[in-house]
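The values are calculated or read from the model by the stated rules, or taken from the named source; none is laboratory data. These numbers were taken from a predicted model, which means no experiment stands behind them. All Cβ positions, even for glycine, are placed from backbone atoms using ideal geometry, and neighbour counts span all protein chains on display. In case anyone asks, the SASA skips ligands and DNA or RNA and just uses the protein heavy atoms, side chains included. Shrake-Rupley method; radii C 1.70, N 1.55, O 1.52, S 1.80 Å.
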Amino acid sequence: AGAFGLAGAAGALAAPLAGRLADRRGPIFVTRFAAALAVLSFALLAAEPLLPTAAALALIALAAVGFDFAIQASLVAHQTLVYSLEPEARSRLNALLFTTIFIGMAAGSALGGLALQHGGWLGVVALATVAALGALGLRLLPAR
């Protein structure tokens, strides 16, 4: 369990890296990259049942790092986008962003429980991958 905690903590490194990348390439690029990384991280987990225990644990740790990094990078990029909209409304817009994130995570948690109950591990992996693909699809739409 401690090793997974360390793997997850690696995602904390995403914030400064994502910030620098957003400064260089723009926040839209970072959100697209993060969504693609989340898709890859979740899709890789479909191979977990086919692997021996040690390899499966390594895959889960790698996917956890990738997913956490993607979420942190996406968060930083989305905050950059929100802060550029209306400088005098930053606190309200940030509250709206985090409220939306909370609602999405709560819905994902509820759906994840249903996916586990009805589809097992692969159901959860499929749900997470499809959700990440949806986010990537939205991010690939032309910027307005």
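Here are some notes:
- Gap separating the Cα centres of the stretch 104-144 and the stretch 17-35, nearest whole Å: 22
- Magnitude of the charge dipole, the stretch 30-144, Cβ model with Lys/Arg +1 and Asp/Glu -1, debye to 20: 240
- Checking (i) 19.6; (ii) 16.2; (iii) 17.1 against the coordinates, the calculated Kirkwood radius over Cα pairs in Å falls under label (ii).
- Taking only protein heavy atoms and a 1.4 Å probe, the accessible area of the chain is 73% carbon and sulfur.
- Accessible area of the stretch 78-144 divided out per residue, in Å², using a probe of 1.4 angstrom: 71
- Highest-fluctuation residue, L116, L50, L13 considered, GNM on the chain with Cα pairs under 10 Å: L50
- Charge tally around A18: other residues with Cβ under 13 Å, Lys/Arg +1 each, Asp/Glu -1 each, net +2.
- Cα shape, the stretch 59-132, gyration tensor, a/c 1.5 rule: oblate
- Cβ-derived FRET efficiency at R0 30 Å, E48 paired with D23, nearest 0.05: 0.25
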